[in-house]
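Q: Pasting in a structure now, in structure tokens, and then I'll have a few things to ask.
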């Protein structure tokens, strides 16, 4: 029999979270209604997994020197933009796939 809590933790670890973080993320979701909790939990787990993938992909691209980063006008939001090297790599990939 499958265990959705254990499966959720394993999924988050596969997405890049540490096991302890994954346990805490799974345990964090709450609702007064059990029905709403079962509806919300998969959405929360998916959001957490997607967020980690986004962070890894975006920061990985910055680390490869493909993206420049600026601080937004609110002094809290980071703005990402392909730089010349990133544009060149993007064009090269497009040409290879056409």
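Q: Check 39, 35, 76 and return the single one that is surrounded by fewer than 10 Cβ atoms within 10 Å (Cβ to Cβ), in the same structural domain as residue 4 (by TED's automatic domain parsing) and either without any contact (Cβ under 8 Å) to a residue 40 or more places away in the chain or not in a loop (DSSP other than H, G, I, E, B) (or both).
A: Values: 39 fails: surrounded by fewer than 10 Cβ atoms within 10 Å (Cβ to Cβ); 76 fails: in the same structural domain as residue 4 (by TED's automatic domain parsing).
The unique qualifying residue is 35.
Q: Of all residues in region 48-63, how many are surrounded by fewer than 12 Cβ atoms within 10 Å (Cβ to Cβ) and at pLDDT 90 or above?
A: 1
Q: While we're on this one: On the basis of being outside any loop (DSSP other than H, G, I, E, B), more than 17 Å from residue 4 (Cα to Cα) and at pLDDT 90 or above, does residue 91 make the cut?
A: The answer is no for residue 91.
Q: Now for a different question. Taking the options 92, 85, 81, name whichever one is surrounded by 11 or more Cβ atoms within 10 Å (Cβ to Cβ), outside the structural domain of residue 7 (by TED's automatic domain parsing) and without any contact (Cβ under 8 Å) to a residue 24 or more places away in the chain.
A: Exactly one residue qualifies, and that residue is 85.
The values are calculated or read from the model by the stated rules, or taken from the named source; none is laboratory data. These figures come from a predicted structure and were not determined experimentally. Every residue, glycine among them, receives a Cβ derived from its backbone with ideal geometry; neighbour counts consider all protein chains shown.
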